[in-house]
1. Where does the charge balance sit around residue 142 when Lys and Arg score +1, Asp and Glu -1, over other residues with C-beta under 13 Å from its C-beta?
2. What residues have an amide H closer than 5 Å to that of residue 263, excluding those fewer than 5 places away on the same chain, when H is modeled at 1.01 Å from N in the peptide plane?
3. Most exposed first by the Cβ proxy, i.e. fewest other Cβ within 10 Å, how do 98, 382, 64 rank?
4. Modelled label-to-label distance, residue 178 and residue 229, 7 Å Cα→beta-carbon offset: nm?
5. As a footprinting exposure proxy, order 341, 147 by other Cβ within 10 Å, with the fewest listed first.
6. Once you put a point 7 Å from the Cα of residue 375 and another 7 Å from the Cα of residue 348, both along the Cβ direction, what distance in nm separates them?
7. Using 28 Å as the Cα-Cα cut-off, could you pick out the over-long pairs in 239/328; 253/386; 74/376; 55/239?
8. Got a sec to turn the phi values of the range 216-224 into Karplus ³J(HN,Hα) couplings, 6.51 cos²θ - 1.76 cosθ + 1.60 with θ = phi - 60°, whole Hz, x for Gly and Pro?
Amino acid sequence: MVFKTAFVFLFCFLTIFASSAIAKPIRKRSRKIPGSFIVQLDGDCNRRCRAAIRKALASNPLTSGCTLGKRGSKIGSISFEDVKCPLSVSIQETSVASTISAQSNIESVPGIQLVAQDEEVLIASGEPTSLWGVDEADGGVRKVKGSPVRDGFRTCSVSSQNGTGVNVWILDTGCTPSSAGLCEGYYGGENVCKDNNGHGDHVGGTATHPTFGVATGAVRSCVKVLGDNGSGSFSNVIKGIEFAVANKNKFGKGDVINLSLAGPKYDPVNNAVREARKSGIFFAIAAGNSADNACNYSPASTPGRGIFTVQAHDENLKAASFTNYATKELKCTDLSAPGVSIESIGGRFSGTSMASPHVAGACAVLLSDGLKPTRKRLTAQSVRIKISGTVGRRTLGLACA
């Protein structure tokens, strides 16, 4: 349903399975969650705007029981407001949209463009299997007689700043104090951002940990957007992105956000990523684990330079059986990175969740050396990996020496 200049969408429910035996696929047709919506506005929604939305909801008997969240989020030129309605009343997307749209015609509220109901989605999670991924990321890989050959060294730790001065934001299940990450914010339902799930620690460790990480000199800031039970909402992800944007440039050389999560294609989350990118933050995003076109998933389908969607491959340079991919017509991935049997904090796991932080760390290495992360620089030392019927993608491989 199309209206004017804002988006209303739901809280998208995220579920994580970090301890599962295999990388979990993501449903393209998600489950609807009744009663939860988000209003996306084209511009800032100030007190007068929020009051007008409340007035609009109260004016319609059908939506009079709906409430506006305590605070909204603003990322770049767009803002988001949460609306929750009682489950005792069946409310359609069109009812919420038309109610607020009518009020916007007489008060300072931007119009509504889209209404979508809440949907359940899954994290691009992994399983409990070495640092071959770091070796490949910081020095590249080549094939000799069909077999992969890596140099066996942390090339970048010697020849570069290795992430120093860069903040890598891990929006996930949080981080434990012993994981060498800074606990910065929490939007996952608990009142602390400690990771009692393990997914966030593993992902963050691959990006920046002194032992397991690609960018061992970078700062890692953890923002808990998922609860310890592994579930959360797209509204929390948006708030986490907003938090990172509001606190960027603390260490002088730039910021990278890693999103090791995925769900069905969802424009509002993609919009939040695009707006954050305009502020100068780079993104590494998991392609998803459904062996499907990444264009069907979010935030993997977010286009733009400096937004890198990452496929996964194994130590033998074979595409992971679970990884999402690109096709000739729909090219929503940018490169492939190690994502099978990746060792980090908590054990060895597989998934595009594990591939994405390799790229986040590589972006941090480039930024610390005063270089803008581009696909060409990220794949300077690489080989091409192709899945039958898809577009081949170069592997992650920095040329640091």
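Each value in this text was obtained by applying a stated rule to the coordinates, not by laboratory testing. Note that the structure is predicted; figures quoted are calculated from it, not measured. FYI the Cβ positions are ideal-geometry reconstructions off the backbone, even for glycines, and counts take in every protein chain you see.
1. Numbers: positive: 143, 145, 150, 384, 394; negative: 135, 136, 151.
Surrounding charge for residue 142 is +2.
2. 298, 300
3. Values: 98 18, 382 21, 64 13.
Final ranking by Cβ density, sparse to dense: 64, 98, 382.
4. 2.7
5. Details: 341 18, 147 9.
Listing 341, 147 from fewest to most nearby Cβ atoms yields 147, 341.
6. That separation, rounded to one decimal, is 3.2 nm.
7. Values: 239/328 34 Å; 253/386 34 Å; 74/376 32 Å; 55/239 24 Å.
Among 239/328; 253/386; 74/376; 55/239, the Cα-Cα distance tops 28 Å for 239/328; 253/386; 74/376.
8. For the range 216-224, the Karplus curve yields 5, x, 7, 8, 10, 10, 9, 10, 7 Hz.
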